[in-house]
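*Asks:* So that we are looking at the same thing, I have put the structure below in structure tokens.
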């Protein structure tokens, strides 16, 4: 079994050893320009078009992350790059769900307990006690109810918060009110005190976090974006913060990464920035998942994490 690997920054050596341990009959090699040798499977992150163009015989293409938006964009630009019958697979969890839950819960509790406001008062040298928020009215909406979104929603509901989710199709999640489709988006947004964005990045969702959406939230609401920077209209967020419609935002992702030094987000006090670390791929768990999926494909069993190319995720 031949496996070809490409990642712009991840060293290949641990993957060679790790995949051989999990699949003793497999040979993994790093893709280099000019390599058109046969491969049964490809493991990729932001692959060059040259790596996949014209390649025949692939039984599966694995994206080394939960998001496949960059790969889907490349496929839209180069529709003949990958044969339609090649399964495209994403990593569904591999340790990312727990990380995402921790990150979102930390941000929510920071706003709920008003710790971000206390930090600003500390900077001003002001000793001031603030009123406690009423948890019953601290409604949280999770946009995107995939594997990560469902675990985030369940955790927040388990902490006693009123939680809603919104996705393309209605979900059944204990203690979480489910909204689906464009027609239910206004009802989902109405009354939200916190909006957590975990939507997939598709042409349909790009720029969805805009001024019109912010206006539907409670005045003084909080925004937590842990999906993709392309979801956010940055100028609209700054305007909503300036007029108090949005009280604060936690952004793990930005349209341009790394964020340029002169970007206004750096100097906006009520924006908290982190460098796309809310949930990172853990190689050992990713290899476990990929090896299991390869075994499923070889045995004729449907793989897990199959991407719907029409939907884009």
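*Asks:* Considering (1) without any contact (Cβ under 8 Å) to a residue 60 or more places away in the chain; (2) out of contact with any strand residue (DSSP E or B) (no Cβ under 8 Å at 6 or more places or on another chain); (3) closer than 23 Å to residue 279 by Cβ, say which one residue 149 fails and leave the rest.
*Replies:* (2)
Quick grid of which residues meet (1) surrounded by fewer than 20 Cβ atoms within 10 Å (Cβ to Cβ); (2) touching a strand residue (DSSP E or B) at 6+ places or on another chain (Cβ under 8 Å); (3) not in a helix (DSSP H, G or I):
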| position | (1), (2), (3) |
| --- | --- |
| 141 | no, yes, yes |
| 165 | no, yes, yes |
| 169 | yes, yes, yes |
| 179 | no, yes, yes |
| 188 | no, yes, no |
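*Asks:* Just to check your reading of the model, which residue among 238, 213, 195 is farther than 21 Å from residue 267 by Cα, part of a helix (DSSP H, G or I) and in contact (Cβ under 8 Å) with a residue 24 or more places away in the chain?
*Replies:* The conditions single out 213.
*Asks:* Separate question: I'm trying to understand the selection: among the residues of the range 112-135, which are out of contact with any helix residue (DSSP H, G or I) (no Cβ under 7 Å at 6 or more places or on another chain) and under 15 Å from residue 269 (Cβ atoms)?
*Replies:* 114, 115, 117, 118, 119, 120, 121, 122, 123, 124, 126
*Asks:* With the structure loaded, tell me whether residue 247 is surrounded by fewer than 23 Cβ atoms within 10 Å (Cβ to Cβ) and part of a helix (DSSP H, G or I) or whether it fails that test. Working first, answer last.
*Replies:* Working: surrounded by fewer than 23 Cβ atoms within 10 Å (Cβ to Cβ): yes; part of a helix (DSSP H, G or I): no.
Considered against the rule, which asks whether it is surrounded by fewer than 23 Cβ atoms within 10 Å (Cβ to Cβ) and part of a helix (DSSP H, G or I), residue 247 comes out as no.
*Asks:* Would you confirm whether any residue within the range 264-275 is in a loop (DSSP other than H, G, I, E, B) and buried (at least 18 other Cβ atoms within 10 Å of the Cβ)?
*Replies:* Checked against the condition, which is being in a loop (DSSP other than H, G, I, E, B) and buried (at least 18 other Cβ atoms within 10 Å of the Cβ), the range 264-275 yields no hits at all.
Bear in mind these aren't lab numbers, they're just calculated from the coordinates by the rules spelled out. As the structure is a prediction and not an experimental result, all values here were calculated from the model. Positions of Cβ are backbone-derived with ideal geometry, glycine not excepted, and every protein chain shown enters the neighbour counts.
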